[in-house]
Amino acid sequence: MVQWALAYAAGAFALLQGLDIIAQQFGWPDGIRRGITLALVVGFFVVLVLAWYHGERGVQKVTGTELLILALLLAIGGGALWRYAQAPLSVPVSVAAVATAQAVPVPTAAAMSIPAKSIAVLPFENLSGDKDNAYFADGMQDLILTKLADIGDLKVISRTSTMQYGSHPQNLKAIAQQLGVATILEGSVQKAGSQVLINVQLIDARSDNHLWAESYQRTLDNIFGVEGEVAQKVADALDAKLSPAEVQAIAKVPTHNKAALDAFLKADYYLGDSNRTYDKQELEHAAALADQATQLDPDFGDAWDLLSLAYLKYDDYGDRSRIPQAEAAARHALALNPNDAHAHGTLGLVLGINGDTAAAIEQGQEAVRLHPGVGELAGLGNSYGGAGRFAEAVTTYQRAIRLAPKSNGALGFLDNNLADYYIAQRHYAEARDTLQGAASRDPANVSVATNLASTWQLGWGDLAAAREVLQAAPTPVASSGILSDAWYWQDLYQRDYAAALAVIVRAPAAWFANRYYPHALYQAQAYQAQGDTAKARTAFATARTQLEAWIKATPDNAVLHTHLALVLAGLGENDHAIHEAQRAVALQPVTKDALDGPQQLAALAEVNARIGNSAAAIKLLNQLLAMPAGGVISVPLLKLDPAWDPIRHDPRFQALLKKYASATPSASGTLIEQGTTP
């Protein structure tokens, strides 16, 4: 029994010492400290009773006497806890001290969970007289952020999450809580000719105290490596522990060629801007500058990685001709930096776009192993999705979301992609809940709103709920292509063809070119559903001219061939329409792209339906309903979409609806047969 008592006393003493340190750091109230101490005292007597009955006396079974003693001890201890844990301090205090104490808030659970070694780098302010130097301030922030992200002992927030904030915001504490960090790094850059002045300061957001600040007066000839110096200073200020490999990575200077560095920073700036504006000219400028950087310094690994991303982005415009160049650049970057997580992630993206899903997953897994951050996890999740491994895509995205700060930008993007993988599996309830959470955090996120409206249509055919979501979007419909598109389909499903035509007339012109979906094709489909054959034919002919011009420029774009097939079916060129639809399926097969490949199969089914080949259309629909293609085809959508009117009264079509209607999405997203209870 003595041994038990000594062991308990030693353990309790050590625990109290540790808790005292934590309590001082977080300002725990005295009541909590007293409560913990009293609980440990009560526990000491409980241990003595247990030791006596099960140690000294050797009694193995719990007796009534033992239970009575324990109950009395707990009752006495509970009363003491209630009495003394809430007792005020007996030391007299002044009125001013009371007022001060009341003004200091007790840290919330969320605040207490923020790790001390966590940091967000806010956008650097451009103090240069020339606004064209904004790229330099932007680039310096990104270089420093990249170096900090290499430190495993630090939690570093991505640029995507911080770009929405200004350079010197007023309420740092609120921003830090939104991002889930304890410290903020602010900076400014002034560039005049070859002279550069960089000011940085590290701030404890909880107390608003400056932890460290420094100015770097450099020229373009000796600017190299300043980002590593800043990262090392931040690590020292936060007492972050660095491995030898991390020390080496931070100290590594990516290039000593000032022209190559300048071209790289400009390329990075224009590529980022093209992601926001969807301006192809900015993308072309970025690719040319990144290529220039690699020519000026062939050993500049980051420039090769950026060049790969720029070439890869051409695929967003339907131009797949740059994919081989993107892969070559990614492999070159990886050869220069074999342990660079970002380089592995970029190669994984390229391989996924190219249909090599197994190799894409392998690269994504290696990126996560090297650096399990939000970006790496999202990249791996996309590779799983492309391979049709949607359950793993969901799990990986959930990991990324747990790491992401609860701010609007990045988390909304992650939620949207997670919802897509739920939808693919027809887990519409999970998708809805995910998107509703994202919409509540950021009501202005149009992508989330349109995806949520589509989920109501696909999962339940609930046009009223979809309309409510779209109406709540604060963005003017005429200023948003994605919102105009969502309203067009909403009106078409409601058979309000005049409204559908009206909304598409007001949509931004750039939307049609960026999606390779001609304005005339929208009109033609509405006229066709309305039964206005003459207007539909005229619009189909106009759309054909536009699509054939686009195909001439990018012949391997599956989406273009799909849209041309729909146009040709509308013009009555049936054989040609089938040929184009089959071409689209061959260019983007489900085996190489499980998420988007089903869209081409669905278009082939629609073409067959429109030309009167009901058997082929129904066979393809059966195939689609049996596979995880919930973002393309669902029973509720088949009932709504006028595209299926040509076969709607076919008994085989009705039998198909009945067959798959017996399995409906439940609250958990699983399929439930009608007549059973979830």
Response to the item:
Within the range 279-318, the count of residues that are over 25 Å from the mean Cα position of the chain (by Cα) and surrounded by 18 or more Cβ atoms within 10 Å (Cβ to Cβ) comes to 11
Item to complete: Pull up the range 591-617, narrow it to residues that are more than 38 Å from the chain's Cα centre (by Cα) and outside any helix (DSSP H, G or I), then point me to the one that is surrounded by the fewest Cβ atoms within 10 Å (Cβ to Cβ).
Response: G612
Practice prompt. Restrict the check to the range 197-214 and report whether at least one residue is surrounded by fewer than 22 Cβ atoms within 10 Å (Cβ to Cβ) and in contact with an Asp or Glu (Cβ under 6 Å, 6 or more places away or on another chain).
Written response: yes
Item to complete: Provide a single number: the residues in the range 327-369 that are under 21 Å from D291 (Cα atoms) and touching a Phe, Trp or Tyr at 6+ places or on another chain (Cβ under 7 Å).
Response: 4
Discussion item. If I filter the range 249-260 for residues that are at pLDDT 90 or above and on the phi > 0 side of the Ramachandran plot, do I get at least one hit?
Written reply: no
Worksheet item: Which pairs have Cβ atoms under 8 Å, sit 6 or more apart or on different chains, and link a residue in the range 240-260 that is in a helix (DSSP H, G or I) to one that is small (G, A, S) and surrounded by fewer than 17 Cβ atoms within 10 Å (Cβ to Cβ)?
Response: E246/G152
Fill in: Single residue of the range 212-242 satisfying the filter (hydrophobic (A, V, I, L, M, F, W, C), in contact with a Ser or Thr (Cβ under 8 Å, 6 or more places away or on another chain) and at pLDDT below 90) that is farthest from A116 (Cα to Cα)
L220
Discussion item. For the structure I just gave you, tell me whether V448 is more than 16 Å from the chain's Cα centre (by Cα), of a type in the set (V, I, T) and either in a helix (DSSP H, G or I) or surrounded by 23 or more Cβ atoms within 10 Å (Cβ to Cβ) (or both).
Written reply: no
Worksheet item: If the Cβ limit is 7 Å and pairs must be 6+ apart or interchain, which residue in the range 393-416 that is modelled with pLDDT under 80 pairs with which residue that is small (G, A, S) and part of a loop (DSSP other than H, G, I, E, B)?
Response: P405/G180; K406/G180; A410/S158; A410/A404; L411/A404
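The values are calculated or read from the model by the stated rules, or taken from the named source; none is laboratory data. Small disclaimer: the values here were computed from a predicted structure and weren't measured. Virtual Cβ from ideal backbone geometry, glycine too; neighbours counted across all protein chains shown.
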